[in-house]
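Chemist: Right, I'll just put the structure down here and ask away after.
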């Protein structure tokens, strides 16, 4: 029962950890990159808008110094902005003249017979009118164009000088290379990436610590359940949050009820056996009893002793107790060596120090005692005992070099209700006790021939 509870709890714990981890990964590795993309796009749009405002300011500063006399354009040799005066500085200005469609409903901003009127000293590339747009009179347009195989931003503004009778229409183009903006965006992306990576690491650490703190009560519950299972504690004593307090209280009630139920079972069997024992003892002291009657009384006494042994072994809740195997086995073998000292038996014992039996010590002694006692009776010289823990539970193997057990008898002696006097010598009623105890722990027992010692081999498997 406790094992099922622990397995269910472990599954729930793993599920909670998976959910917490999934939510953290979702937030960190999906939301943060999306936030980074949004920030990057917003920053780029802001920089482009700032560049448009900058080029617009340059255009108005140049328009302020334009003069037209007799339909001729007059421009100063030097401009106030020094980048216009330095060749290939990346900032250029061009004035072009053309016949411009002034209607706002007549189509796109296309250049018709455009020709260059003036350009800043910074522009050395030949004029390519097809690369530039010419907006309608009084409006402006901001776009990108390619000049000398390099990307540029262009701000074009169409104006007209002169009188109504003699207009002088022209378009001012302010041109700036994209290299500066590209470099700035590259550096911004690098800094943003470093910041996001650092933020991811910080959030991962915070999420990890948060999950440890949040799931700590479950870890404590699992530890306490292990302590109860090993027999180091008989109830859960931790201070649990509200969501778990009802579960732990119910588990404590279950543990207490199980102990009381098993105690009542033991008392009932013990009382019944003792109540029968006294009348039998009186009957056995009577004179002139027939041999058949004496035999039946002896059988009844044997059955009562057997039931008393079962009651004693069931006195505690074996499904939550834990017993160290090595010291218990050592005491048992020392006793057997004294009992069978005339046979000079050689015991080979292989038990790891950390090996633990998930049950009561009395049950372990009953199981090992009967198996080893039978082995001592059947063995000629050698007895081998191997006890090990594995992923499935505990395995006990007892082998001897005796005559062994006939294959046709192996199944019969494990069947409930088989009479003790049908067992082969050395494997008496004690094997029935072993069978019942193994079944009470949901274990299994196999009888085989020992390949090492050529005698009987008993293999007992107990689940975790």
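The values are calculated or read from the model by the stated rules, or taken from the named source; none is laboratory data. What you are looking at is a predicted structure, and each value in this text was computed from that prediction instead of being measured. In this analysis, Cβ positions are derived from the backbone assuming ideal geometry, glycine residues included, and neighbour counts consider all displayed protein chains.
Chemist: Taking the conditions exactly as written (surrounded by fewer than 11 Cβ atoms within 10 Å (Cβ to Cβ) and closer than 30 Å to residue 440 by Cβ), does residue 264 satisfy them or not?
Modeler: yes
Chemist: Next up: Just to be sure I understand the filter: pairs with C-beta atoms under 8 Å, separated by 6 or more residues or on different chains, first member in segment 174-187 and at negative phi, second member surrounded by fewer than 13 Cβ atoms within 10 Å (Cβ to Cβ). Which pairs pass?
Modeler: 177/150; 178/144; 178/150; 179/150
Chemist: What number of residues within segment 375-390 satisfy the criterion of being within 11 Å of residue 346 (Cα to Cα) and surrounded by fewer than 19 Cβ atoms within 10 Å (Cβ to Cβ)?
Modeler: 2
Chemist: Still on this structure, I have one more. Please enumerate the residues belonging to segment 344-391 that are over 15 Å from residue 329 (Cα atoms), out of contact with any helix residue (DSSP H, G or I) (no Cβ under 7 Å at 6 or more places or on another chain) and assigned to a helix (DSSP H, G or I).
Modeler: 377, 378
Chemist: Let me ask something else. Residue 117: part of a strand (DSSP E or B) and either over 20 Å from residue 153 (Cβ atoms) or modelled with pLDDT under 90 (or both), yes or no?
Modeler: Numbers: part of a strand (DSSP E or B): yes; either over 20 Å from residue 153 (Cβ atoms) or modelled with pLDDT under 90 (or both): yes.
Yes; evaluated as a whole, the condition is true for this residue.
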